[in-house]
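Read the structure below first, then the notes.
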Amino acid sequence: MAGAILNLINGVWKPAQDRRTLKSVNPANTDDVVGVFPLSGKADVDEAVAAARAARELWRLTPAPKRGEILFRAAVLIEKDKGSLGRLVTREMGKILPEGLGDVQEAIDMAFYMAGEGRRMTGETVPSELPMKDCKSVRVPVGVFALITPWNFPTAIPAWKIFPALIGGNTVVFKPSSLTPASATRLVELIVEAGVPPGVVNLVHGRGEDTGEYLAAHRGVDGVSFTGSSAVGEALAKACSGPGKEVSCEMGGKNPIIVMDDARLDLAVEGALWGGFGTTGQRCTAASRVIVHEKVYDEFVERFVAAARRLRVGDGLDPSTHVGPVINEAQMDKVLSYIETGKKEGARLALGGGRNSSGALVRGYFIDPTIFVDAAPSMRIAKEEIFGPVVSVMRARDLQDAIAIANGVEYGLSSSIYTQDVNKSAIAERDLDAGIVYINAPTIGAEIQLPFGGTKRSGLGRREAGGRGGSLDMFTKWKIIYRDFSGRLQKAQIDKD
Ligand code: UN1
């Protein structure tokens with residue numbers, strides 16, 4: 001049954017002012033309409049931004065531990081709803097149910113983590129060079145944030161942005177992907193139920209080009225946090241950079257797994273399968289390249305292809321499915337055209353290579369797990385982000401060669417090496433040019449208590465998630481306070497004696 005999905009502006013659920021709508025459909029079965037949602041126009045965005053601006057004072061002056069209590073309640077409510085929200089994520093986005101539940105779990109983790117930040121958010125207190133004076137730094141909110149999120153993590157990525165923004169004292173206008181509006185709306189409903197005051201979290205639905213761009217460039221928005229493709233992120237950053245506007249983008253990846261000749265091949269095969277075909281390859285952290293030492297290349301390829309052949313493609317709600325659909329027809333066409341490119345470029349297609357429309361799958365957007373072997377680092381399939389179940393396997397002469405291939409792309413989000421040699425792993429840690437390096441684990445599955453983000457075209461601006469250098473740096477600004485309690489004019493640098 002298709003539910004009516006609404007915008008949330010100043011605490012009121014409402015349709016777009018001109019009543020335009022779009023449909024969200026299940027990518028595993030396009031007969032299943034998940035919801036009908038507003039296609040918001042400029043007037044809706046203006047209203048949402050105005051509501052967020054009006055709520056700033058109240059929220060800024062709410063003590064951070066109080067804001068944290070609301071986040072804590074949100075975490076508990078999302079946890080209670082995890083089963084049904086996880087199913088909704090799977091139905092709307094296509095990832096298999098354990099991953100749909102994992103998506104929601106990441107949102108819960110972030111809510112709890114940021115709730116705790118309400119009683120931390122530490123700054124510095126340092127001595128003054130003058131008597132009867134003290135100095136400290138405190139984090140203050142940026143203001144109104146536009147949060148623009150993708151479809152591949154329909155609840156986790158919104159949570160990465162909404163919870164740190166709120167704990168930092170910002171108010172937000174959230175524009176989720178037009179492909180996963182129902183999941184985003186359920187998340188917002190739970191946040192509202194937790195007690196966030198009207199106007200603090202506003203939700204406007206719509207497409208990037210109609211609604212997102214206008215929101216990001218809006219004069220009433222002080223900061224923008226975007227996750228999506230590098231092309232869109234870079235254009236957005238250019239279009240909305242203005243005096244004082246904070247813009248941070250998490251973007252694409254072409255993440256490598258290096259398999260050394262001393263690696264445990266069973267582990268490496270399992271890791272490459274999960275990293276390459278988990279979430280149907282639709283993660284910015286997906287392991288779309290496997291770079292294998294020439295001594296174990298043939299054996300790895302044989303085992304990897306044999307294991308991938310056993311993966312079952314199907315509806316993510318079916319417990320026997322390993323690989324769900326891709327998100328929509330445009331993405332399916334894009335992936336299929338990359339497969340054609342790979343063939344033309346001369347890589348050898350060892351598995352898959354086409355749409356799977358057998359039986360009921362004809363109603364969805366399914367692509368068989370696809371492996372290209374003997375790919376060259378210069379090929380487009382080995383350099384460009386495909387965002388689908390396509391892995392390119394390449395040969396390397398030694399560690400140095402493998403690292404050079406790994407670093408030879410314009411992305412630098414995640415990376416991995418399989419080796420039992422502590423020295424080789426240390427060199428990889430040092431030399432892989434990526435925001436994240438895994439040792440004996442695939443490129444996906446970053447935990448929320450450390451920063452997330454990449455180098456080169458993978459990231460722009462600040463990093464996300466927890467830890468030093470994580471989202472609090474995106475969602476707060478430093479303010480420095482000097483307090484003089486001497487009762488006279490003291491002059492820094494001048495009153496020396
Ligand atoms: C993404 O694909 O945009 O590290 C984010 C991971 C997940 C997040 C992926 N925790 O794979």
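The values are calculated or read from the model by the stated rules, or taken from the named source; none is laboratory data. Since this is a predicted model, take the numbers as computed values, not measurements. Neighbour counts are summed over all protein chains in view; Cβ atoms, including those assigned to glycine, are modelled from backbone coordinates with ideal geometry. Note: areas computed on protein heavy atoms with side chains; ligands, DNA, RNA excluded. Shrake-Rupley method; radii C 1.70, N 1.55, O 1.52, S 1.80 Å.
Observations on the model:
- Rounded to the nearest 10 degrees, the angle from helix 82-93 to the longest Cα principal axis of the chain is 60 degrees.
- Tilt relative to the chain, helix 230-240 - C-alpha long axis, 0 to 90 degrees, to 10: 20
- Kirkwood-based shape ratio for region 188-255, expressed as Rg/Rh from alpha carbons: 1.03
- Carbon plus sulfur fraction of accessible area for region 356-436, probe 1.4 Å, in percent: 46
- Straight-line cross-link partners of Lys383 among the lysines, defined as a Cα under 18 Å from its Cα and at least 8 positions apart when in the same chain: Lys254, Lys334, Lys343, Lys344, Lys456.
- Difference of contour (0.36 nm per residue) and Cα-Cα distance, Ala492 to Arg87: 139.7 nm
- The local environment of Phe475, defined by Cβ-Cβ distances under 11 Å, has a net charge of -1 under the rule Lys, Arg +1 and Asp, Glu -1.
- The mean accessible area for residues of region 1-128, using a 1.4 Å probe and ignoring ligands and nucleic acids, is 46 Å² per residue.
- With the simple model of a label 7 Å out from the Cα in the direction of the Cβ, Glu234 to Asn440 spans 3.8 nm.
- Counting only residues at least eight positions apart within a chain, or on another chain, the lysines with an alpha carbon under 18 Å from that of Lys133 are Lys479, Lys491, Lys496.
- Count Lys and Arg as plus one, Asp and Glu as minus one, and take only other residues whose Cβ is under 15 Å from that of Leu85; the net charge is then -3.
- Reducing region 290-340 and region 50-70 to their Cα centroids gives an inter-centroid distance of 45 Å.
- Unit Cα scatterers, Debye sum, the chain: log10 I(q)/I(0) for q = 0.12, 0.13 Å⁻¹: -1.05, -1.19
- Over the chain, relative contact order from alpha-carbon pairs under 8 Å, at least 6 apart, %: 18
- Using the Cβ of Met251 as centre and a radius below 10 Å, the other residues enclosed give a net charge of -1, where K and R count +1 and D and E count -1.
- Taking Cα atoms only, the orientation of helix 42-54 departs from the longest principal axis of the chain by about 50 degrees.
- For region 102-160 versus region 203-249, the gap between their alpha-carbon centres in whole angstrom: 20
- Potential lengthening of the chain between Val422 and Asp18 amounts to 139.3 nm, from the contour at 0.36 nm per residue minus the alpha-carbon distance.
- Once the Cα gyration tensor of region 1-155 is diagonalised, semi-axes √(5λ) in Å: 38, 22, 12
- The value of relative contact order for region 256-439, using C-alpha pairs under 8 Å at least six residues apart, is 28 percent.
- Straight-line cross-link partners of Lys238 among the aspartates and glutamates, defined as a Cα under 14 Å from its Cα and at least 8 positions apart when in the same chain: Glu213, Glu246.
- Volume in Å³ per residue [convex hull over Cα atoms, computed for region 256-439]: 105
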